[in-house]
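To keep things clear, I will list the structure first and then write my remarks on it.
The values are calculated or read from the model by the stated rules, or taken from the named source; none is laboratory data. Not measured: the values here are computed from a predicted model. Neighbour counts are summed over all protein chains in view; Cβ atoms, including those assigned to glycine, are modelled from backbone coordinates with ideal geometry.
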Amino acid sequence: MANAYKTEDAALATEAGEKPRISARAETMQDSPIRKLAAAAEARKKNGIKVYHLNIGQPDLPTAPIVFETIQKLQLTTIAYAPSNGLPAALAAWKKYYDHIGIELDEKEIIITTGGSEAIVFAMCAICDAGDEILVFEPFYTNYNGFASLANVTLRAISLSIENGFHLPPAEEIARHITPRTKGILICNPGNPTGTIYSRSEMQKLVDIVKEHNLFLLSDEVYREFAYEGELCSVMDFPEIRQQAILLDSSSKRFNVCGARIGVLASHNPEIVRSAFRFGMARLSVASIEQLALVPLLNSPKTYTQPIAEEFRHRRDTVYEGLKSIPGVTFYKPEGAFYIVIGLPVKDAEHFSKWLIEEFEYNKETVLLAPAQGFYATPGKGTNEVRLAFMLKIEDLQKSLAILKAALETYNKKF
Ligand SMILES: Cc1ncc(COP(=O)(O)O)c(C=O)c1O
């Protein structure tokens, strides 16, 4: 039957034995730079080498027991679809969470999404037509590339520099990248992969730009609670861009519940919320048990987030102090999140990272790093940089840095 609908060309191609082609989007979709060297790490482990993972942002701390207790207590007869914007109890809990942290949102302004990831895709789809552009600051969270590809959006990257801890350039430099197709600016605050927190005046600069050029400001605040230095401003703190601000959020990191897949898109702009709701209707709903499981955490967020953030502050301090003892490394003090991008005294950090995981050992141990090139859109940027994620306990972070130091010495004698 299907053949009856084929065009003559397609029928000829099939007869000639050609396969149907996948899309250009699928073909050009990047592999995760974070996972690129994972196979080599597994091979090393099989050979008895201990590998310290500094490459990935999967929190290692336990999820609060109350999450599992809540699931056990649920009296469900059917795991039914939830409403597309979220279960009422979960929406009420998210509103309460925002009340606790001083962000005023109505339940009707919140859409619960499958992780922050889906919130980002929904926001891109809500503001952009195919081929429209969103400005990002590089290095940026590498999955923004994948989301942009799904949404048919072009990311235009504005380069930041390790020398000033990846803070924003002057307003004119940002505005220079705006074209008639630019629909918004996407920021990550606190930043992955940089750990940078934008100051109030940097946020004000962005607010002024989006106001002047009539753009949306999309703010990915999934690391909000991991703020160790300075003041963290939300995009929701600026009433003058009430209709232009889109908050992208997630429970994953702050509550150590990455696998629950619960995030949020929130906006005071009813058109944005309605669009996200309609995209949500197309995928029907978000996992209902997980939405409910997180309610106790959202009702009393600081109880759960504060100990987690404290632990990560210690880890950040450990890494920052540890890096001081490695000659030739360029770094800064990350103000938030649990990442840092550092410059290594090597030409090609990807080559170094590959050698480190495939060949080097120090007392039968080695380290897996994420080369930072994959976090840049501009070719040639970040070639000597790597991202470190602080997902290990303090002693292991100290050991990892000792291994890194020894590895750099050996590498620079060898190559
Ligand atoms: C900056 C940033 N945004 C969004 C996400 C997506 O998180 P999730 O989909 O687990 O909520 C991540 C995950 O690592 C992230 O680092």
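Annotations for the structure displayed:
A quick yes/no check of all residues on (1) out of contact with any Gly (no Cβ under 6 Å at 6 or more places or on another chain); (2) of a type outside the set (A, V, I, L, M, F, W, C); (3) modelled with pLDDT of 95 or more:
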| site | (1), (2), (3) |
| --- | --- |
| Leu344 | yes, no, yes |
| Ala349 | yes, no, yes |
| Met391 | yes, no, no |
| Leu401 | no, no, yes |
| Leu408 | yes, no, yes |
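- Test: residue in segment 325-333 that is out of contact with any strand residue (DSSP E or B) (no Cβ under 6 Å at 6 or more places or on another chain), at pLDDT below 95 and not assigned by TED's automatic domain parsing to the domain that holds Gly195: no
- On the stretch given as segment 388-414, residues that are among the aromatic types (Phe, Trp, Tyr) and either surrounded by fewer than 21 Cβ atoms within 10 Å (Cβ to Cβ) or under 12 Å from Glu365 (Cβ atoms) (or both) total 1.
- Any chance Pro270 is surrounded by 15 or more Cβ atoms within 10 Å (Cβ to Cβ), away from the ligand (no atom under 16 Å from the Cβ) and under 23 Å from Asn85 (Cβ atoms): no
- Helices (runs of 4 or more DSSP H) lying entirely in segment 104-197 (those with 3 or more residues that are under 30 Å from Met281 (Cβ atoms), within 15 Å of the ligand (Cβ to nearest atom) and in the same structural domain as Phe277 (by TED's automatic domain parsing)): 115-127, 143-151
- Cross-chain or 6+ apart pairs with Cβ under 7 Å, segment 317-345 first and on the phi < 0 side of the Ramachandran plot, then among the hydroxyl-bearing types (Ser, Thr, Tyr) and part of a strand (DSSP E or B): Ile342/Thr330; Gly343/Thr330
- Failed condition for Ala282, given (1) away from the ligand (no atom under 16 Å from the Cβ); (2) under 19 Å from Ala82 (Cα atoms); (3) small (Gly, Ala, Ser); (4) touching a Phe, Trp or Tyr at 6+ places or on another chain (Cβ under 9 Å): (4)
- Some residue of segment 315-335 being in a strand (DSSP E or B) and not acidic (Asp, Glu): yes
- Condition check for Glu221: of a type in the set (Asp, Glu) and either within 16 Å of the ligand (Cβ to nearest atom) or crowded, with 24+ Cβ neighbours inside 10 Å (or both): yes
- Residues of segment 303-347 satisfying the condition of being closer than 30 Å to Tyr81 by Cα and of a type outside the set (S, T, N, Q): Tyr304
- Within segment 61-103, the set of residues being under 22 Å from Val222 (Cβ atoms), modelled with pLDDT of 95 or more, not β-branched (Val, Ile, Thr) and not in a helix (DSSP H, G or I) comprises Ala64, Ala82, Ser84, Asn85, Gly86, Leu87, Gly102.
For every residue, the table says whether it meets (1) over 20 Å from Val136 (Cα atoms); (2) in a helix (DSSP H, G or I); (3) polar (S, T, N, Q).
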position	(1), (2), (3)
Lys347	yes, no, no
His351	yes, yes, no
Ile357	yes, yes, no
Lys381	no, no, no
Leu388	yes, no, no
Gln398	yes, yes, yes
Ala402	yes, yes, no
Tyr411	yes, yes, no
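- Exactly one residue out of Glu229, Glu225 is in the same structural domain as Val121 (by TED's automatic domain parsing), farther than 21 Å from Val207 by Cα and either hydroxyl-bearing (Ser, Thr, Tyr) or out of contact with any Ser or Thr (no Cβ under 9 Å at 6 or more places or on another chain) (or both), and it is Glu229.
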